[in-house]
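Trainee: First the structure, then my questions, so here it is.
Every number here is computed from the coordinates shown, using simple stated rules; none is lab data. Note that this is a predicted model, so its numbers are computed, not measured. Quick reminder, even Gly has a Cβ in these numbers, built from the backbone with ideal geometry, and neighbours come from all protein chains shown.
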Amino acid sequence: MRFTVLGGCGAWPAVGQACSGYVVEAEGFRVLVDPGYATLPRLLARMRADEVDAVLVTHGHPDHCADLNPLLRARALADVPAPALPVYAPPGALEAVLALDNPRMLAGSFVSRDLGPGVPYELGPFRLDVFDLPHHVPNAGLRLGAGGRVIAYTGDTGPSAALVALAEGADLLVAEATYPERVPEEDAPYLSSALDAGRTAASAGAGHLLLTHLWPDTPAAPALAAAAKSYDGPLSVASAGLTLDL
């Protein structure tokens, strides 16, 4: 299983950066996770738009889904339109981004499917388990497994007992870490710090912790230092172009 970072900026894309966006591949099947601001050009540097097999969106904030619109345009307006793309998201999460176009523009370019906890989903070779996690809007934590390997991704989340279950024994935990050590009081129920992510990774026995969604234009060193206070495994920050083979 291969994991590639398209971007890891929180909130908006800083100069030369992109917001949340990741590609997970196994057995030739490609899943795009969270196509946030500025991720599509980075995706197209690696593959054609019609080579994406499925899209997963953790929640409806535009730094996690805005580039779904140009991705669907690229597929719908091609000389030979691509088959309908399965797009999974929490109920209602895609209403705003899909409203950017007249429905006729994107007709037939995608199939919308609701994400929620319960029975696992099957996407090509992947098993997908979904966890409800607290954020300002409904947010789906994602656990993707294939070939005996597991990637867990928090989306954006506040504190939750479900985080350890999401990340339990995962080979890679991709964790939102907007702030290094302290989340401002007004956002504390809805966002996480690198310190929080380190504690989750340690409690869950995750094999590698990848910190993402850092506030734009902030250095990586304080986040890495905060996570290392409680997690002593492999540790890195999501930067565009980073690829991990599991």
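Trainee: Taking Thr212 and the conditions (1) within 18 Å of Gly7 (Cα to Cα); (2) among the hydroxyl-bearing types (Ser, Thr, Tyr); (3) touching a helix residue (DSSP H, G or I) at 6+ places or on another chain (Cβ under 7 Å), which numbered condition does it fall short on, given that it satisfies the others?
Mentor: Looking at each condition in turn, Thr212 falls short on (3).
Residues checked against (1) without any contact (Cβ under 8 Å) to a residue 60 or more places away in the chain; (2) charged (D, E, K, R); (3) surrounded by 14 or more Cβ atoms within 10 Å (Cβ to Cβ); (4) closer than 30 Å to Gly148 by Cβ:
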| position | (1), (2), (3), (4) |
| --- | --- |
| Leu85 | yes, no, yes, yes |
| Leu98 | yes, no, yes, no |
| Ser112 | yes, no, yes, no |
| Pro125 | no, no, yes, yes |
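Trainee: Need pairs with beta-carbon distance below 6 Å; first residue closer than 18 Å to Val5 by Cβ and within the stretch 44-56, second hydroxyl-bearing (Ser, Thr, Tyr); sequence gap 6+ or separate chains.
Mentor: Leu56/Tyr88
Trainee: Next question, about the same structure. What's the number of the only condition in (1) within 19 Å of Ser20 (Cα to Cα); (2) more than 16 Å from the chain's Cα centre (by Cα) that Ala177 fails to meet?
Mentor: Going through (1) within 19 Å of Ser20 (Cα to Cα); (2) more than 16 Å from the chain's Cα centre (by Cα) one by one, Ala177 breaks only (2).
Trainee: Could we say that Arg143 is without any contact (Cβ under 8 Å) to a residue 24 or more places away in the chain and either assigned to a strand (DSSP E or B) or touching a strand residue (DSSP E or B) at 6+ places or on another chain (Cβ under 8 Å) (or both) here?
Mentor: Numbers: without any contact (Cβ under 8 Å) to a residue 24 or more places away in the chain: no; either assigned to a strand (DSSP E or B) or touching a strand residue (DSSP E or B) at 6+ places or on another chain (Cβ under 8 Å) (or both): yes.
The answer is no for Arg143.
Trainee: For residues in the stretch 100-110 being part of a helix (DSSP H, G or I) and surrounded by 12 or more Cβ atoms within 10 Å (Cβ to Cβ), which is nearest to the chain's Cα centre (by Cα)? Break it down into steps so the answer makes sense when it comes.
Mentor: We begin by selecting, within the stretch 100-110, every residue part of a helix (DSSP H, G or I); these are 103-106.
Those left that are additionally surrounded by 12 or more Cβ atoms within 10 Å (Cβ to Cβ): 105-106.
Numbers: Met105: 26, Leu106: 23 Å.
Filtering first and then ranking leaves Leu106.
Trainee: Can you tell me which residues in the stretch 214-246 are more than 19 Å from the chain's Cα centre (by Cα), part of a loop (DSSP other than H, G, I, E, B) and farther than 16 Å from Cys9 by Cβ?
Mentor: Ala228, Lys229, Ser230, Tyr231, Asp232, Gly233, Pro234
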